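Data first, discussion second: the structure below is written as structure tokens.
The values are calculated or read from the model by the stated rules, or taken from the named source; none is laboratory data. Model, not experiment: these values are computed from the prediction. No Cβ is skipped: glycine too gets one built from the backbone with ideal geometry, and neighbour counts run over all protein chains shown. Heads up: the accessible areas ignore ligands, DNA and RNA and are worked out on the full protein's heavy atoms, side chains in. Shrake-Rupley method; radii C 1.70, N 1.55, O 1.52, S 1.80 Å.
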Amino acid sequence: MGEYESLNETLGPYIMSRTTRFSALCIGIVAALLLFAEWGIPMNAKDRELIQAAADNDVASLRRLIDEGASLNSKDARGRTALLTAVAGEHVEAALLLIDAGSDINEQDLILDSPFLLAGANGSLEILKRMLQANPDFSLYNRYGGTALIPACERGHVEAVKLLLETDMDIDHVNHLGWTALLEAIVLSDGGPRHQEIVRALIAAGAKLNIADKDGVTPLQHARREGFSEIANLLQAAGAQ
């Protein structure tokens with residue numbers, strides 16, 4: 001047996017034991033962090049109760065807690081306010097109550113979701129309508145560098161898209177992936193009727209049709225590659241190249 005093999009045989013179990021213990025410790029730390037993220041404590045018990053009531057769509061408790069002075073914009077360990085929690089759960093009644101009470105629709109969490117951005121991504125039409133009366137900040141972007149409009153286009157939320165196109169939001173904003181709302185309505189879609197209607201709406205709203213992705217591929221070229229003939233025809237008729 002060579003010198004290396006002998007040393008390995010002698011120290012192997014010890015090294016493996018150390019490695020196993022270290023791995024277990026790492027797993028424990030990660031588990032603890034995840035548990036803390038799930039049950040993180042906001043500023044005080046009343047604020048935590050407000051966030052939980054929003055998660056449960058418990059409107060009666062929300063009203064009581066607001067009247068008792070709970071902080072509307074207190075955050076949990078994930079950076080989520082009660083309003084963001086309500087929007088994430090698509091709890092319309094709770095969200096509308098919190099908006100009307102003065103919750104910040106622009107407050108972002110640790111992954112850069114805000115109530116407004118998430119409402120757009122979810123296509124939450126009634127919530128979006130109320131938020132547009134509460135001064136949304138169109139200069140804030142999600143973790144992909146996108147506006148509320150871009151994921152709404154990707155996910156086929158036709159009415160939400162049309163509503164957002166009535167605002168001053170930058171219709172041609174390019175996210176970190178190099179995609180505009182128009183590109184996402186093609187690249188990440190099924191090319192079906194909803195996305196056809198969205199492309200039609202974007203064209204009507206004056207979207208720039210020839211902004212290419214990072215590889216220089218235009219919306220029309222993407223539509224043709226994907227076999228989305230209806231979308232390709234819409235783009236070509238509008239002058240896309």
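Numbers for the structure displayed
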read-out: Residue that is nearest to Val92 (Cα to Cα), among those in the range 44-64 that are among the small types (Gly, Ala, Ser) and open to solvent by 60 Å² or more (accessible area, probe 1.4 Å); value: Ala60
read-out: Unmet requirement for Ala121, which otherwise passes all of (1) touching a Gly at 6+ places or on another chain (Cβ under 9 Å); (2) assigned to a helix (DSSP H, G or I); (3) surrounded by fewer than 16 Cβ atoms within 10 Å (Cβ to Cβ); value: (3)
read-out: Selected residue (criterion: farthest from Glu159 (Cα to Cα)) from residues of the range 199-216 that are buried (at least 20 other Cβ atoms within 10 Å of the Cβ) and free of Cβ contacts under 8 Å to residues at least 40 places away in the same chain; value: Leu209
read-out: Gln236 vs. criteria surrounded by fewer than 17 Cβ atoms within 10 Å (Cβ to Cβ), touching a residue at least 12 places away in the same chain (Cβ under 8 Å) and part of a helix (DSSP H, G or I); value: yes
read-out: From the options Leu177, Leu149, Leu140, Leu163, residue that is hydrophobic (A, V, I, L, M, F, W, C) and over 22 Å from Ile111 (Cα atoms); value: Leu163
read-out: From Leu149, Leu128, residue being without any contact (Cβ under 8 Å) to a residue 60 or more places away in the chain and within 28 Å of Leu62 (Cα to Cα); value: Leu128
read-out: Qualifying residue in the range 129-149 (condition: closer than 22 Å to Ala205 by Cα, open to solvent by 10 Å² or more (accessible area, probe 1.4 Å) and modelled with pLDDT under 95); value: yes
read-out: Checklist (1) closer than 19 Å to Pro136 by Cα; (2) in a helix (DSSP H, G or I); (3) open to solvent by 20 Å² or more (accessible area, probe 1.4 Å); (4) of a type outside the set (Gly, Ala, Ser) applied to Gln196, failing item; value: (1)
read-out: Filter result for Gly79 (over 17 Å from Gln108 (Cα atoms), in a loop (DSSP other than H, G, I, E, B), modelled with pLDDT of 95 or more and not acidic (Asp, Glu)); value: no
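Residue-wise test of (1) touching a residue at least 12 places away in the same chain (Cβ under 8 Å); (2) closer than 26 Å to Gln108 by Cβ; (3) open to solvent by less than 40 Å² (accessible area, probe 1.4 Å); (4) within 21 Å of the chain's Cα centre (by Cα).
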| position | (1), (2), (3), (4) |
| --- | --- |
| Arg155 | yes, yes, no, yes |
| Leu183 | yes, yes, yes, yes |
| Thr218 | yes, no, yes, no |
| Ser229 | no, no, no, no |
